[in-house]
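Structure record follows, encoded as structure tokens.
The values are calculated or read from the model by the stated rules, or taken from the named source; none is laboratory data. The shown structure was predicted, so the numbers you read here are calculated from the model rather than taken from an experiment. Here the Cβ positions follow ideal geometry from the backbone for every residue, glycine too, while neighbour counts run over all protein chains shown.
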Amino acid sequence: MTEQIRFNDGAGYERFMGVWSRLAGEVFLDWLAPATKQRWIDIGCGNGAFTDLIVSHCSPAEIHGVDPSPEQLAFARARAMAVAAQFHQGDAMALPFPDDSFDIAVMALVIFFVPDPARGVAEMVRVVRPGGTVASYAWDFTGGGFPLEPLLVELRALGMTTPRPPSADAAQIDNLRALWTAAGLRDVETREITVQRSFADFDEFWSISLLSPSTGATLSAMAADDLAALKAKVRARLSIDAAGRVTGTARANAIKGRRPE
């Protein structure tokens, strides 16, 4: 399915995806190894989870976050780091900035939501100065890297489908490389990022899963007996230690390239 997935609850996003975003984002920024005092644009910034990382890890000269959701932007502006960032409502395929405005353009867990990924990458290139960096990381949906894959596997086994991002295939390594190369970027590099997240117990894992727009409505509509059976199957797929703590695993694909001088 490719129906639209919307994250409009900033606090809910923080509990569900914000934690995952920072775990992968820290690895991504270490790999990116940017200089300090750079001008950044965070495209699809959502509730500011990754923007916060840029501020705390990279000491930017300035940073602008762009997102279509006013609710997410309101949450981002309320963060402590918001004094170091400016947030704008906007479209990844029509960024509200002139050419050559930034040193670094990034998309964190976003490119698969862009209806036309090639156009989104072209916009990143346009707003970055010659010699600047264009980079992204995204969950490997088609390769089973999404944080809720244990749940999605069991839903698929029941013949149930849940919404997927409209451009899920764009997150595959080969497709990312093709997008970056077609946009004229140089020195293109890719890597996989695997991260793990701990939950106090299965109930915490499950309650956070309900916050996902792609699965929450489906689970809420299930009959009690069917839901209990599904939970048992999902539990069996998870890594749970003797104390009941759950370890979740997710995998993202990352890419970076340089706009020619």
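Working carefully through the options Pro147, Pro117, Pro70, find the one that is modelled with pLDDT under 95 and surrounded by 20 or more Cβ atoms within 10 Å (Cβ to Cβ). Residue meeting the stated conditions: Pro147. The set of residues in region 176-206 being in contact with a helix residue (DSSP H, G or I) (Cβ under 9 Å, 6 or more places away or on another chain), in contact (Cβ under 8 Å) with a residue 40 or more places away in the chain and over 18 Å from Thr133 (Cα atoms) consists of Glu192, Ile193, Thr194, Val195, Gln196, Arg197, Phe199, Phe202, Phe205. Inspection of region 80-100 identifies no residue that is over 21 Å from Arg258 (Cβ atoms) and touching a residue at least 60 places away in the same chain (Cβ under 8 Å).
Taken over region 157-187, the criterion of being in contact with a Leu (Cβ under 9 Å, 6 or more places away or on another chain), crowded, with 17+ Cβ neighbours inside 10 Å and either over 18 Å from Asp116 (Cβ atoms) or aromatic (Phe, Trp, Tyr) (or both) is satisfied by Thr162 alone.
Suppose the filter is crowded, with 16+ Cβ neighbours inside 10 Å and under 30 Å from Arg129 (Cβ atoms); does Ala254 pass it? Spell out the reasoning first.
Values: crowded, with 16+ Cβ neighbours inside 10 Å: yes; under 30 Å from Arg129 (Cβ atoms): yes.
So Ala254 passes the test.
Looking at this structure, is Val134 among the aliphatic types (A, V, I, L, M) and crowded, with 16+ Cβ neighbours inside 10 Å? So Val134 passes the test. May I ask you to list pairs of residues, at least six apart or on different chains, whose Cβ atoms are under 9 Å apart, with the first in region 35-57 being in contact (Cβ under 8 Å) with a residue 12 or more places away in the chain and the second being acidic (Asp, Glu) and assigned to a helix (DSSP H, G or I)? Qualifying pairs under 9 Å: Ile43/Glu123; Asn47/Glu14; Asn47/Glu71; Ala49/Glu14; Leu53/Glu26; His57/Glu26; His57/Asp30.
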